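Working notes for the structure below.
The values are calculated or read from the model by the stated rules, or taken from the named source; none is laboratory data. Computed from a predicted model, the values in this text were never measured in an experiment. Ideal geometry is used to build each Cβ from the backbone, glycine not excepted, and the neighbour counts take in all protein chains shown. Surface accessibility is based on the protein's heavy atoms, side chains included, excluding ligands, DNA and RNA. Shrake-Rupley method; radii C 1.70, N 1.55, O 1.52, S 1.80 Å.
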Amino acid sequence: MDGEIERLTEILKDSKDHGIVFFGGAGVSTESGIPDFRSAHGIYNEKIGKNLSPEELVSHTYFKKFPKEFFDFYRDKLVYQGAKPNGCHKALFELERMGKLSAIVTQNIDGLHQAAGSTNVYELHGSTLRNYCEACGEQYSVDFVMDAAPDVPRCTKCGGIVRPDVVLYEEALDEDVIQDSVDAIETADTLIIGGTSLVVYPAAGFIRYFGGRHIVVINMSETQADNAAELVIRQPIGKVMSEAVALMKK
């Protein structure tokens, strides 16, 4: 039996009811086939055939100046319609169902936590599943945006550009989502940090608000929270979470 997973199971059991908060990043979804932007094999290190960084290609400036090129890159690299929840997503839903997990704070934009059944999810960077007309606010699905390819998606009511409800570079995070996320972390008994190296700010700074008992880090590489953590696990997060939650049921 894996000693680290046994220890994680003990922490989960010891946590107060509704006392666990999960803070996750891109590494949570890699087992669902969605690349980790900043891993050695992530899209931030691919040769994209342009003299621009991916950060520039998904910036507010680029979206405004070159919407066609923006959507070409966005559809190709940021939308994964066939992706399914993996062991981590499913385990977190089980923790919520068991009355242990109170909230998920995610930097991901894929909607997989909700697809797994989780209900209290704070999406710091928005979601590819939601889209809206910049001019009139009409709401559109991800299918609408994808089906408009290779053109720029346009509102069927007013003709305005339909953009993803995603926080682009140079744009601010939603203040309400920030506050809800900070409140959840601040009041948590246990904070699990998973699939993130904590390099994206301001989101990564939210963990400083934690004042509970247990910090667990599950990530394949070092993070800024390792020294403060009670337990650090360098294993695939889907495997770790699904096995730990399975042990809780025994």
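Each Lys and Arg contributes +1 and each Asp and Glu -1, all at the Cβ; summed about the Cα centre of the chain, the dipole is approximately 440 debye. Under 28 Å of direct C-alpha separation, and excluding same-chain neighbours fewer than eight residues apart, Lys16 reaches these lysines: Lys90, Lys100, Lys239, Lys249, Lys250. Taking a straight Cα-Cα cut-off under 15 Å and skipping sequence neighbours fewer than 8 places away in the same chain, the aspartates and glutamates within cross-link reach of Lys84 are Glu31, Asp110. Residues in region 179-186 carry Karplus couplings, in order, of 5, 4, 5, 4, 4, 5, 5, 5 Hz; the curve used is 6.51 cos²θ - 1.76 cosθ + 1.60 with θ = phi - 60°, and Gly or Pro positions show x.
Of the accessible area of the chain, with the probe set at 1.4 angstrom, what percent is carbon plus sulfur?
Numbers: 5780 of 11700 Å².
Within the chain, the accessible surface is 49 percent carbon and sulfur.
Electrostatic bookkeeping for His214 treats Lys and Arg as +1 and Asp and Glu as -1; over the other residues with beta carbon under 9 Å from its beta carbon, the sum is -2.
Amide hydrogen proximity for Ala103: with H placed 1.01 Å from N in the peptide plane, the residues at 5 or more positions away or on another chain lying under 5 Å are Phe22.
Among 84-95, 11-22, sorting by the average number of other beta carbon atoms lying within 10 angstrom of each residue, highest first, gives 84-95, 11-22.
What FRET efficiency comes out for Tyr209 versus Leu231 if R0 is 25 angstrom and r is the Cβ-Cβ distance? Round to the nearest 0.05. Spell out each step's value before the answer.
Working: r = 20 Å, r/R0 = 0.80.
Efficiency computed from Cβ-Cβ geometry: 0.80.
In straight-distance terms, cross-link reach from Lys65 covers every one of the lysines whose alpha-carbon lies under 25 Å from its own, apart from those fewer than eight places away in the same chain; here that gives Lys47, Lys50, Lys77, Lys157. Skipping prolines and chain starts, which residues have an amide H placed within reach, meaning under 5 Å, of the one on Ile193, given they are 5 or more residues away or on another chain? Sorted by chain and number, the residues that satisfy this are Phe23, Val216, Val217, Ile218. The string of couplings for region 13-29 from the Karplus curve (6.51, -1.76, 1.60, θ = phi - 60°) is 5, 6, 5, 5, 4, 6, x, 9, 10, 10, 10, x, x, 4, x, 5, 9 Hz, one whole number per residue in order, with x for Gly and Pro.
In this rough spin-label picture, where each label sits 7 Å from Cα along the Cβ direction, the Glu134-Asp2 distance is 4.5 nm.
Here the 3J(HN,Hα) profile of region 143-154, calculated from phi with Karplus coefficients 6.51, -1.76 and 1.60 at θ = phi - 60°, is 4, 4, 5, 5, 5, 6, 4, x, 8, 6, x, 10 Hz, Gly and Pro shown as x.
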